[in-house]
1. In the range B:21-47, what residues drop by 20 Å² or more of accessible area when the other protein chains are put back, versus the chain on its own? Use 1.4 Å, and skip ligands and nucleic acids.
2. In whole percent, what relative contact order does chain A give with Cα contacts below 8 Å and a gap of six or more residues?
3. Hey, got a sec? Which GluC sites (Glu not before Pro) in the range A:27-132 land in a DSSP loop and have at most 16 other Cβ atoms within 10 Å?
4. Compare A:Leu48, A:Leu25, A:Leu107 in a GNM of chain A, Cα atoms joined below 10 Å, and give the one with the largest fluctuation.
5. Leaving ligands and nucleic acids out of the surface, order A:Asp70, A:Asp36, A:Asp119 by accessible area at 1.4 Å, largest first.
6. Can you give the net charge of the other residues whose Cβ lies under 15 Å from the Cβ of B:Glu58, counting K and R as +1 and D and E as -1?
7. Do the sum for chain A: with -39,500 (n - 2.57) for every DSSP H run of n ≥ 4, divided by all residues, what is the mean residue ellipticity at 222 nm, to the nearest 500 deg cm²/dmol?
8. Accessible area per residue, 1.4 Å probe, Å², for the protein assembly as shown: what's the number?
Amino acid sequence: MTTTRTTRWTIAAAAGTAVAAVVGLVAATTRDDAPDIVTFAVFAAATLPFVVALVAIGLDRTEHPEQAEDSIESQWTTRASSGAFYDTIVAMAVTAFAASVLDWETLPLWIFVLLGLADMSARLVILQRREG
Amino acid sequence: MHNRLKALREEAGLSQAECADALGVSRQTVISIEKGHFDPRLSLAFRISRLFDVAVDEAFTPDD
């Protein structure tokens, strides 16, 4: 079944809100390093965009999801994700090397998550424009 | 790989959307095959050959 863009984002927003609320509640009940309301707000706000994006991407199967492996969209996703994975590994390796040379004690892993997602998104857009 | 999908589709009087529906793929996939950007898997190649009633090697030929 094909979902419209509005339906897809509505479902994604509802699911994201529900999951973010649950994550915020769990964090607020288990962590004691900040007031509960602050913990809830921080974890819910951090969770919300990722869950919304994940659900929206998961529902984006355009037409004929049963034949997904025969579609160019599937090939674009595979190529974009494998390219982004390679880029992320290289970036992490270079950063780890720099960190050992410069004696950094911590590495901001979330930066690589953001870089990987941005890389994959950019690759998808480029492939769609070039081959679509 | 070269393919004759566009010629076969036009001979059959099908639009890209109708062809995509008949093959069970997206219109974007049909466009990409016709442009030569996407070589379909064997299962889709057989569906194309059945749809237009031609042999697979009449619809698809290797580059060399």
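1. The answer is B:Asp21, B:Gly24, B:Val25, B:Ser26, B:Gln28, B:Thr29, B:Ser32, B:Lys35, B:His37, B:Phe38, B:Arg41, B:Arg47.
2. Values: 101 pairs, mean separation 32.1, N = 132.
About 24 percent, as a whole number.
3. On the way: sites: A:Glu63, A:Glu66, A:Glu69, A:Glu73, A:Glu105, A:Glu131; in loops: A:Glu63, A:Glu105.
Loop-located and lightly packed - A:Glu105.
4. A:Leu107
5. Values: A:Asp70 0, A:Asp36 90, A:Asp119 35 Å².
Final ranking, largest accessible area leading: A:Asp36, A:Asp119, A:Asp70.
6. On the way: positive: B:Arg4, B:Lys6, B:Arg9, B:Arg47, B:Arg50; negative: B:Glu11, B:Asp53, B:Asp57.
Computed value for this residue: +2.
7. Working: 4 runs with 104 residues, N = 132.
Taking each H run of at least 4 residues, the total per residue is -28000 deg cm²/dmol.
8. 63
The values are calculated or read from the model by the stated rules, or taken from the named source; none is laboratory data. In this text, all values refer to a predicted model and were calculated from it rather than measured experimentally. Backbone-built Cβ (ideal geometry, glycine too); neighbour counts: all protein chains shown. Protein only, heavy atoms only, side chains kept; ligands, DNA and RNA dropped before computing areas. Shrake-Rupley method; radii C 1.70, N 1.55, O 1.52, S 1.80 Å.
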